[in-house]
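Structure record follows, encoded as structure tokens.
The values are calculated or read from the model by the stated rules, or taken from the named source; none is laboratory data. Bear in mind that the values here come from a model prediction, so they are computed numbers and not experimental data. Neighbour counts are summed over all protein chains in view; Cβ atoms, including those assigned to glycine, are modelled from backbone coordinates with ideal geometry.
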Amino acid sequence: MSASVLQVEIKAVVPASAGRAVFIGNEEKVFVIYVDRSVGDAILMFMNGTPKERPLTHDLIGSILTGFGARIQRVIINDIQGSTYYARIIVEAENELDAKKIVELDARPSDSIALAIQQNAPIFVTRQVWDEVEDMSDIVRRLDEGEGQEGETEPGDDPE
């Protein structure tokens, strides 16, 4: 991986008026992506290992990838335009002759994050996005300390 991307992790997922606020970052900085409720809930279920009665959409996609001998190699949040984020899923597949193929797919960051967590794949953000986003580390710190209330964190509360 080049220096033009930084590895990040999910720091928190909390309710917001338009769905869920997903806080992503590292020790240096944390930013927020607002996602719809269903995908936010899927992210939380994967993070917590919550069993599901029936496979959800992201479970189905994971099963399809496995069935084709593919896996998510990494996810990259690669652009932001206004309050809309963009991401790429990098999929690696190997055929019966041990030939590898890498495919890069355009995807919503919310779906990308859910699949990355499901498949234990790393999440990266480009330096350009990293430099543009507002640092929300204080909000995550307050959430960790129990000061935050549901729906309280709504700066720029736009779903992706």
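Overview of results
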quantity: Qualifying residue in region 103-116 (condition: at pLDDT below 95, surrounded by fewer than 18 Cβ atoms within 10 Å (Cβ to Cβ) and not hydrophobic (A, V, I, L, M, F, W, C)); calculated: no
quantity: Strands (runs of 3 or more DSSP E) completely within region 81-140 that count 3 or more residues being of a type in the set (Ser, Thr, Tyr); calculated: 84-94
quantity: Residue match in region 40-58 (condition: part of a strand (DSSP E or B), in contact with a helix residue (DSSP H, G or I) (Cβ under 6 Å, 6 or more places away or on another chain) and buried (at least 22 other Cβ atoms within 10 Å of the Cβ)); calculated: no
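Quick grid of which residues meet (1) free of Cβ contacts under 8 Å to residues at least 12 places away in the same chain; (2) touching an Asp or Glu at 6+ places or on another chain (Cβ under 8 Å):
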site: Val22; (1), (2): no, no
site: Tyr34; (1), (2): no, yes
site: Gly40; (1), (2): no, no
site: Pro55; (1), (2): yes, no
site: Ser63; (1), (2): yes, no
